[in-house]
Structure formats: structure tokens, C-alpha cells
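The structure appears right after this line, and notes come after that.
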Amino acid sequence: MPEGSEASDSGCVLALVEGLLAARLEGVNLSTGAAPPERFFGSKIRPQAGLKTGRAYSETEPLVYSAACRKIRPQMPRFRESRVSATANVDPYEIAKFEALAERWWDPHGEFKPLHELNPLRLEFIRARLPLPGARIIDVGCGGGILSEALAKAGADVIGIDLAETPLRVAELHALESNVAVRYRLESVEDHAAANAGHYDAVTCMELLEHVPRPDLMLGRLAELVRPGGQLFLSTLNRNLKSFLLAIVGAEYVLGLVPRGTHDYERFIRPSELARWARGAGLTLRAFTGISFDPLTRQFRLSRDTGVNYLAHFVRPGAPANPPAGA
Ligand code: SAH
């Protein structure tokens with residue numbers, strides 16, 4: 001199976017590079033040791049984010065860390081825990097980041113510009129594997145609805161769920177303005193899967209797994225939503241030196257493509273991890289496809305290089321993947 005490049009980063013050189021970068025990115029003046037100014041999200045590349053550690057996330061992490069969230073960013077809007085069941089696999093700090101930026105979601109030149117630029121490629125990837133007209137699709141972690149709307153425009157019957165309230169409101173308004181029928185709900189994937197197991201022809205979950213405490217468990221819930229013979233489409237970021245340099249140093253600090261603190265290197269996911277979790281959830285891997293960014297033309301394109309951003313396609317064994325219309 002084609003799996004992404006997983007740079008086997010070695011030894012002291014990398015540790016040194018990482019240390020220097022971490023200090024630089026923290027804004028510490030390396031010669032004077034002066035403290036950094038406060039940043040937008042205030043998050044940082046954690047010094048313990050060892051570039052060569054095999055497992056970046058922890059299987060013992062709590063599913064919700066609200067206490068930690070308030071400690072880190074007391075000024076962040078409070079996450080409405082009461083709206084979400086205790087079993088939700090969520091980091092309230094992440095939700096707060098997306099809440100704070102919600103109004104900018106559909107600004108093609110704003111903080112979500114990369115999502116707008118990626119979207120035609122994601123659509124192309126999905127459309128090549130699933131006839132969209134009439135397909136029943138759930139877009140998990142839909143945010144402001146960039147992909148949900150595009151899928152609905154292509155004829156799919158789409159519902160989007162997310163745990164951030166303001167982006168969902170933005171999504172609803174935008175769908176109204178665009179005259180596209182999409183249903184949006186503030187609901188956790190756990191709650192939705194409990195009531196709608198096996199209900200969807202396809203599940204899409206883009207740029208979300210790297211924002212949750214337990215992506216492995218999330219994958220299990222996503223798989224439950226897929227009907228036998230149905231499909232799961234994911235996108236996330238690989239974890240290696242190249243993705244650290246491009247997705248964090250490059251995109252957040254050098255090119256300013258996304259706000260600093262958007263991503264946490266430790267939560268990036270290797271294709272092999274994704275494949276393992278999906279296998280554990282009873283899914284079969286069909287494809288990994290990379291998304292490459294050309295810094296000169298500043299354009300994304302589908303590629304064989306899964307080293308940084310990549311898309312994944314899985315199917316749930318069972319009935320034919322694409323039953324003929326009317327079947
Ligand atoms: N999938 C969309 C948005 C990606 S941004 C797109 O690619 O266009 C990540 C989204 O995941 C945000 O809207 C955030 O609120 C949402 N999110 C983060 N943790 C979540 C969780 N545990 N459950 C559902 N949504 C979550």
C-alpha cells in the first residue's frame with residue numbers, strides 16, 4: 001500500500017535544529033535572551049515535541065481538557081461543556097481558536113485561505129471515488145462549511161457537525177446566501193454515531209484529526225457512521241521533519257499562511273498510524289494522496305508526496321461501494 005514518507009529523523013543534529021527553532025519561534029532573542037511579545041493564539045511549539053518520537057499523541061490523554069484550557073488561555077471564550085456529552089473527544093482550547101476566528105471563515109484572503117485553496121483538490125479527490133449526486137454525506141468538524149457546501153453544490157445530501165458554535169452559525173448563514181441546502185448541527189461525533197450508525201454513504205473529516213486529543217478513538221466513531229460499502233475521506237498533516245518545517249515554521253512563521261499556533265506538531269499523524277487505526281476500526285485503505293504546496297506559485301496540487309498534507313480514502317467492507325442508482 002502506498003504510504004507516506006516517514007522521515008526517520010536522526011540524532012543530535014535534529015535535536016539541535018529543533019532547539020534553535022523552538023527558541024527562535026518562541027521569539028526569544030538568542031543573543032540577549034529577551035522575552036517574546038504575546039502572540040495571536042499564544043500557543044507555541046512545545047519544546048518536548050521531540051521530532052523523532054514515534055508516538056506524538058498519548059493514549060492516556062483525557063478526552064476533554066478544560067482545566068488545562070482555562071489555565072493556558074483564561075481569556076479564551078469558555079467552551080460550553082454542558083452542550084457536549086462527557087465522552088466527547090475534544091480539546092476546548094482548539095474549539096476556542098476556531099470560535100475566535102469564525103467570522104473570517106469565508107474570507108478567501110483571511111486565516112482560512114489555505115482551506116479555500118485546498119478545497120477544489122479535496123473535492124476532486126472525493127468526486128473521483130464517489131458519485132456525489134444523491135450521496136448521503138456527513139462532514140465531521142465542518143467548521144464554516146467550506147467542504148460541506150461544495151459537496152452539497154455537487155448534488156450530495158449533506159449534514160455538517162462541529163463542536164464550535166460560531167463557525168456553524170457562519171456556515172448556516174453562508175449556505176442561505178449561496179442558496180445551498182446543507183444541515184448543520186452542534187453535535188459531537190460520539191453522540192451522532194450513537195444514533196446514526198451505518199447511516200452514511202460517505203463520511204468526510206478534513207483537517208480535524210490533528211486537533212483532537214484521541215484521533216485513534218475519533219476514527220472508530222467515524223467508521224461507525226459509514227454504511228457497509230460506504231467510504232471515509234480524511235485529510236490531516238504528516239509528522240516528520242519536513243512537515244514541521246513546512247507546516248509550522250513555513251506556513252505559520254515564515255509565509256504567514258495561517259495564524260501562529262494553528263497547529264501543534266505533536267498532534268500530526270503519520271499515514272501508518274492512520275492506516276493502523278482505520279484497520280482497527282474495520283476499514284480498508286484505498287488511497288493516500290499528498291497535497292503539495294509550491295511556495296513560488298503559492299498553489300496547492302495533488303501529488304504523490306504525502307510528506308506534509310495528505311488525503312486518505314478508506315472503505316467499509318460490505319455491500320458494493322457504489323450501488324447503482326435506485327438499488
Ligand atoms: N473540516 C473543515 C474545518 C477544519 S478546521 C475544513 O477542512 O474546511 C477544524 C474544525 O474542527 C473546526 O471547525 C473545529 O471547531 C472542529 N473541531 C475541533 N475539534 C472537534 C471535535 N472534537 N469535534 C468536532 N469538531 C471539532
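Observations
- Checking each residue in segment 98-112 for being assigned to a helix (DSSP H, G or I) and either near the ligand (Cβ under 8 Å from one of its atoms) or surrounded by fewer than 21 Cβ atoms within 10 Å (Cβ to Cβ) (or both) picks out Phe98, Glu99, Ala100, Ala102, Glu103, Arg104.
- Of all residues in segment 202-218, one or more are under 30 Å from Thr306 (Cβ atoms), touching a strand residue (DSSP E or B) at 6+ places or on another chain (Cβ under 8 Å) and charged (D, E, K, R).
- Subset of segment 176-209 [closer than 24 Å to Leu237 by Cβ and either in a loop (DSSP other than H, G, I, E, B) or modelled with pLDDT under 95 (or both)]: Ser188, Glu207, Leu208
- Residue check, Leu274 within 17 Å of Arg129 (Cβ to Cβ) and in a helix (DSSP H, G or I): yes
- Pick from segment 235-258, criterion in contact (Cβ under 8 Å) with a residue 24 or more places away in the chain and assigned to a loop (DSSP other than H, G, I, E, B), ranking: nearest to the ligand (Cβ to nearest atom): Val258
- Boolean, Glu99 is over 15 Å from the mean Cα position of the chain (by Cα) and farther than 21 Å from Phe288 by Cα: yes
- Search result, residues across segment 267-290 that are under 17 Å from Gly220 (Cβ atoms), buried (at least 21 other Cβ atoms within 10 Å of the Cβ) and charged (D, E, K, R): Glu273
- Among all positions in segment 81-94, there is at least one residue which is assigned to a helix (DSSP H, G or I), out of contact with any Ser or Thr (no Cβ under 6 Å at 6 or more places or on another chain), surrounded by 22 or more Cβ atoms within 10 Å (Cβ to Cβ) and at pLDDT below 95.
- For segment 201-214, the set of residues classified as over 20 Å from Glu99 (Cα atoms) and buried (at least 22 other Cβ atoms within 10 Å of the Cβ) consists of Asp201, Ala202, Val203, Thr204, listed by residue number.
- Taking first residues from segment 135-154 that are more than 14 Å from His116 (Cβ to Cβ) and partners that are among the aromatic types (Phe, Trp, Tyr), the Cβ contacts under 8 Å between residues at least 6 apart in sequence or on separate chains come to Arg136/Tyr200; Ile137/Tyr200; Ile138/Tyr200; Cys142/Tyr184.
- Answer from Leu222, Leu232 - the residue that is crowded, with 22+ Cβ neighbours inside 10 Å, touching a residue at least 24 places away in the same chain (Cβ under 8 Å), closer than 21 Å to Leu121 by Cα and not acidic (Asp, Glu): Leu232
- Condition met for Gly155 (assigned to a loop (DSSP other than H, G, I, E, B), modelled with pLDDT of 95 or more and either more than 8 Å from the ligand (Cβ to nearest atom) or closer than 29 Å to Arg298 by Cβ (or both)): yes
- Residue within segment 300-321 that is of a type in the set (Gly, Ala, Ser), under 17 Å from the mean Cα position of the chain (by Cα) and outside any helix (DSSP H, G or I) present: yes
The values are calculated or read from the model by the stated rules, or taken from the named source; none is laboratory data. Fair warning: this is a prediction, and the values are worked out from it, not measured in the lab. Using ideal geometry, Cβ is built from the backbone for each residue, glycine included, and neighbour counts are taken over all protein chains shown.
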